[in-house]
Each structure stands twice: as C-alpha cells, then as structure tokens.
Amino acid sequence: MKKKRNSRGHTLIIANILIFSLVAVSFFMYPKAEEENQTNNKKQDDSTQQLNEIKNSPDLYPDELLDLAEKNPETADFVLNYPSHKDYLDDNLSSLDLSSVPKLYQWDKRWGYTMYGDNLHAITGCAPTVLSMAALYLSKDYKYTPYYFARLSEEYGYYVPSVGTEWSFISDGAHIVGLHAEEISNMQHSIDSVLE
C-alpha cells in the first residue's frame, strides 16, 4: 500500500525555508542598511551644523544663497564656503567617468560661484548644467562643462535678466555644439515612446 504524501507537511517545510531565507537575507543586508542610515544621519548633522553657521553670519551671503541653503540643505556646504570661494572656477572635468550620464549640480563648487546672467551659476545655472550632462555623455568631450554652456547661453542671448535661461536654449544649444535635440510632449506616453 502506497503512503499518501503529506502535502501540508511539504508546505510547512517550504514555508520554513522561505522564512529562514528571508531572515538570512535581512541579516546580511541589515549591516549595510544600518551603515547607510548612519551615513545619512551624519550628513544631516553636518548640514544642520553648517546651516547654523550660515545663519550666524547672514551678512556674508547673498540673499539668494541663504534661500538656497534653507530650501536645499544639501547645498549647505557650498553656501558656507561662499565667502572664501567667491568667483572660484575650476571646470576641468577630465577625471569624470562618461560611461554613463554624469550627475552634475548647478551649485558644484567648480562653477557654482561664477556669475551666470545676473546671479550665481548656483542659482541660475540649471539649463546649462542639464545641457552639459547630456553633451558630456553623448559627445565624450570634456569641454562641455556647465560653465561652457553658461557662456554659450550668454553669448547667443538666451539668458533673460531676472527670468533665467530661455527654454529654447536646450534644443538650440545642443544644435550649436553638433547634437540633435527635439522637444517632445510632457505626456507620459510621449516620454515612454521616446525612451523605448
């Protein structure tokens, strides 16, 4: 006589294996998550300390930088260093990895303290920075820095005082440096279609 297999017993064994696997995975992942939490907490503490230093000497900073630091705590270090780095420029990006689109910020100390239009690049340099990221990746040419595109925008009249960069600079600026750009709808299906 054949014994009927106990499917309930097999289910319990499989469930126990799954639970054990989840516990084991979380055990190995927990130290990494805890380490990331500690790193994030340290960054937050550093930003808070830097913001306090800025608030103690507001006369050293333009109002726009005070607003930038208040709204974007990740810029606190950049703003804090403004008095000693005013007009600083070092846009040599030759060590940048261009195997993927580089992540650049308009408030980067390498160009953020320079003027773009009627304010600091850190405040007004969004369009040149975005165009720079695309051009660097697509062309692999290190000259296409945010500072380069800020100068190009000014030279061709795309910066509007007290307003910022004209939207057309993104496509026109790309064409000026030999890249193809076209404007698409901001509807999800249009974006998905282009990404595909």
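Quick notes
- Ligands, DNA and RNA left out, the accessible area of the range 53-124 computed with a 1.4 Å probe is 45% carbon and sulfur.
- When all protein chains stay in place and ligands, DNA and RNA are ignored, the 1.4 Å accessible-area order of Y158, Y116, largest first, is Y158, Y116.
- Accessible surface, 1.4 Å probe, highest first, among residues K103, K140, K109: K103, K109, K140
- Solvent-accessible area of M115 with every protein chain in place, 1.4 Å probe, in Å² to the nearest 10: 90
- Cα gyration tensor shape of the range 148-196, rounded if a/c is under 1.5, else prolate or oblate by comparing a/b with b/c: oblate
- In order along the range 127-139, phi translates into HN-Hα couplings of 4, x, 5, 5, 5, 4, 4, 5, 5, 4, 5, 6, 9 Hz, rounded to whole numbers, per the Karplus curve 6.51 cos²θ - 1.76 cosθ + 1.60 with θ = phi - 60° and x for Gly and Pro.
- Cα centroid separation, the range 65-80 to the range 157-196 (Å): 27
The values are calculated or read from the model by the stated rules, or taken from the named source; none is laboratory data. Bear in mind the structure is a predicted one, so any value in this text is a computation, not a measurement. The area values use the complete protein model at the heavy-atom level, side chains included, leaving out ligands, DNA and RNA. Shrake-Rupley method; radii C 1.70, N 1.55, O 1.52, S 1.80 Å.
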